[in-house]
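See below for the structure under consideration.
The values are calculated or read from the model by the stated rules, or taken from the named source; none is laboratory data. Bear in mind the structure is a predicted one, so any value in this text is a computation, not a measurement. A quick note on method: Cβ atoms are made from the backbone with ideal geometry, for glycine too, and the neighbour counts reach across all protein chains shown.
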Amino acid sequence: MKSKILVWGSILFIFWSCATAPVPQQIVNSFKIDRAFDSVWVAVIETFSDLQLPILNMEKDSGLIVTDWIDFKGQDNNGYCDCGKLTWKKEETREGKFNIFVKKITEASCEIKINTMYRQIIINYGDKRDCVSTGKLEKEFYDLVLGKT
């Protein structure tokens, strides 16, 4: 039994050692909007609805909106995150989690900060790998919010 565990552990180690890590990126995730807080808040909520992102927690007084992990299986999520490369064929899916913070700067301006977390799930092995954001989703979300204000 111990030899089987050792063999499988060695095989998994070899597979993982053939993987490349995601490349850390400098992204823009904070955007100023020259609109009143209430207008920006409504636009952010509408954007969540348009994108069908389920809100786990929302607190207008603090300006925070949080999602739970969202499975992107079957959706085109290319370009939103870098999960590195695996050198063997695998079945995988990706998940994302988002925190949006809307902060009043003045009566006529706000800042929205979009924090994204991604992970890749290797279905065949039940393993999870952290991914890094490319900044694409943050920019798209900002553009959608801006278009609604």
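Quick one: how many residues across the range 125-149 are closer than 17 Å to Asp38 by Cα and in contact with a strand residue (DSSP E or B) (Cβ under 9 Å, 6 or more places away or on another chain)? Please lay out each step first, then the result.
To start, the set of residues in the range 125-149 that are closer than 17 Å to Asp38 by Cα comprises 142, 144-149.
Filter once more, so that each one left must be in contact with a strand residue (DSSP E or B) (Cβ under 9 Å, 6 or more places away or on another chain): 142, 145-146, 149.
Residues that pass the stated criteria total 4.
Could you check the range 54-64 and list, in sequence order, the residues that are assigned to a loop (DSSP other than H, G, I, E, B) and either under 17 Å from Val40 (Cβ atoms) or at pLDDT 95 or above (or both)?
Passing the criteria: Lys60, Asp61, Ser62, Gly63.
Can you say whether Ile100 is surrounded by fewer than 14 Cβ atoms within 10 Å (Cβ to Cβ) and either modelled with pLDDT of 95 or more or assigned to a strand (DSSP E or B) (or both), as far as the supplied structure shows?
For Ile100, the condition - surrounded by fewer than 14 Cβ atoms within 10 Å (Cβ to Cβ) and either modelled with pLDDT of 95 or more or assigned to a strand (DSSP E or B) (or both) - is not met.
With the requirement that a residue be over 13 Å from Ser30 (Cα atoms), modelled with pLDDT of 95 or more and in a strand (DSSP E or B), what does the range 106-149 give you?
Within the range 106-149, Thr106, Ser109 qualify.
Among the residues of the range 65-87, is there at least one that is touching a helix residue (DSSP H, G or I) at 6+ places or on another chain (Cβ under 9 Å), over 25 Å from Arg119 (Cα atoms) and modelled with pLDDT of 95 or more?
no
For the range 1-41, give me each residue that is at pLDDT 60 or above, surrounded by fewer than 16 Cβ atoms within 10 Å (Cβ to Cβ) and part of a helix (DSSP H, G or I).
Lys2, Ser3, Asp38, Ser39
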